[in-house]
Amino acid sequence: HNVAQASYSDRAKSAPHPLSAYLLRLMALKKSNLCLSADVSTTNQLLQLADAIGPSIVVLKTHYDLIANWDYNPTTGTGARLGRIARRHGFLIFEDRKFGDIGNTVQLQYTEGTAKIIDWSHITNVNMIPGKAAVDALAEAAVRWRERKRYEVKTDITVGTPRPESLDSDDESDTRTPMPEDHGLEAYKTAGVGRKASIVSITTVSQHFEPANSPRSYEDFGDEVMPGIEEAPTDRGLLILAQMSSKGNFMTKEYTQACVESAREHRDFVMGFISQETLNTAPDDQFISMTPGCQLPPESEDDDAEVQGDGKGQQYNTPGKLIGLMGSDIVIVGRGIIKAGDPVKEAERYRKRAWEAYEERIA
Ligand code: S5P
């Protein structure tokens, strides 16, 4: 396994996906190959955990539908606030949505609906059971999103500027939709998203607002970016669920191989896999493997002692085995950290173990 023996920083130089390159650089910078699975139930718990554990991780994985009070507002809501914490601490957000439907439906679930996942989550994943069309459809949505985002970023807006005549809307009460005419019309035509979508996109102006009840620890994040690295690129990435950690799952070798083939067809969108081992087999495979089902034995025991499952089908392996032996790149840890007496300290213990396993691997 050539790739498994290369350093993360070397791999960053040749990664075909801008977000993969960024992630690999983050890993080298933070000496971390740890992803926190932030499976908590409220917005405050999520943001506080993200802020506390942020320095130790490179990816934070969410299940937005576990959050009872997920706030869908695109600029002041949970996703947007999480985004500011991510910038500040230097990690990517990964919504573990496991899309699993026909192409058209997954496209809509990714971009529309209650959460508009594509707007706040750098990475998401897909369950390939319905076939490769789901991956094609998500890739297409990501291209369109990027195109629209280009105009959002370019458009310099001052709140209060009158709306250009050419975009005059029926809704007279909407006074916060200033849009410089040239960019506005271009965005309208090119993105093809219609007037409403263009106007919605302008709400990025108000990104500085926070709900009044924000806890102090993360209310002032503004647009700060972690020192040593620039802001994440405006790209979206996909992980294909190619192997699972759960007992008796139905993902056969042939299935996993089909996932790899689909990934190779979309090297500009598919960053890698959720898998139990590296799936890089061809010489030009540069995918990133992220692996859940990871726990360390208690500190009092040997680091490589067996870890029991959770009694609900989950099976665990140690970071040493997953990174060192199986060639995985990032371990995903949920309850091992969240349920610990001191999650911050425990996250550091996981980070160190997983990083040592990587250093041994490339030595
Ligand atoms: O095969 C898998 C794939 C995933 S994404 N097995 C998993 O456990 N997961 C997710 O990883 C799962 O949904 C959960 O969010 C996390 C594991 O959590 P833990 O508490 O068992 O570490």
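What follows is calculated from the coordinates using simple rules that are stated; it is not laboratory data. Predicted model, so just to flag it, every value in this text is computed and none were measured. Methodologically, a virtual Cβ is constructed for each residue, glycine included, from the backbone with ideal geometry; neighbour enumeration extends over all protein chains shown.
What to note about this one:
- Linear extension gain, Glu306 paired with Arg264, 0.36 nm per residue minus alpha-carbon span: 11.6 nm
- Neighbourhood charge, 15 Å Cβ-Cβ cut-off, centred on Lys253 and excluding it, Lys, Arg +1 and Asp, Glu -1: -3
- Taking Val143, Val270 and counting other C-beta atoms within 10 Å, the order from fewest to most: Val143, Val270
- Of every Cα-Cα pair in the stretch 1-70, the percent that sits beyond 15 Å: 59
- Inter-label distance for Lys345 and Tyr72, nm, one decimal - labels placed 7 Å from Cα along Cα-to-Cβ: 4.2
- Residue order for Glu360, Glu346, fewest other beta carbons within 10 angstrom first, comes to Glu360, Glu346.
- In order along the stretch 291-305, phi translates into HN-Hα couplings of 10, x, x, 10, 8, 9, x, x, 4, 5, 9, 4, 4, 9, 5 Hz, rounded to whole numbers, per the Karplus curve 6.51 cos²θ - 1.76 cosθ + 1.60 with θ = phi - 60° and x for Gly and Pro.
- Calculated P(r) of the stretch 1-145 - Cα pairs past 27 Å, %: 26
- In sequence order, calculated HN-Hα J values of the stretch 3-8 (Karplus, 6.51, -1.76, 1.60; Hz; x Gly/Pro): 4, 4, 8, 7, 6, 4
- Under 12 Å, Cβ to Cβ, from Trp355 - net charge with Lys/Arg +1 and Asp/Glu -1: +2
- Computed from the alpha carbon positions, the gyration tensor of the stretch 236-363 leads to an equivalent ellipsoid with semi-axes of 27, 17, 13 Å, biggest first.
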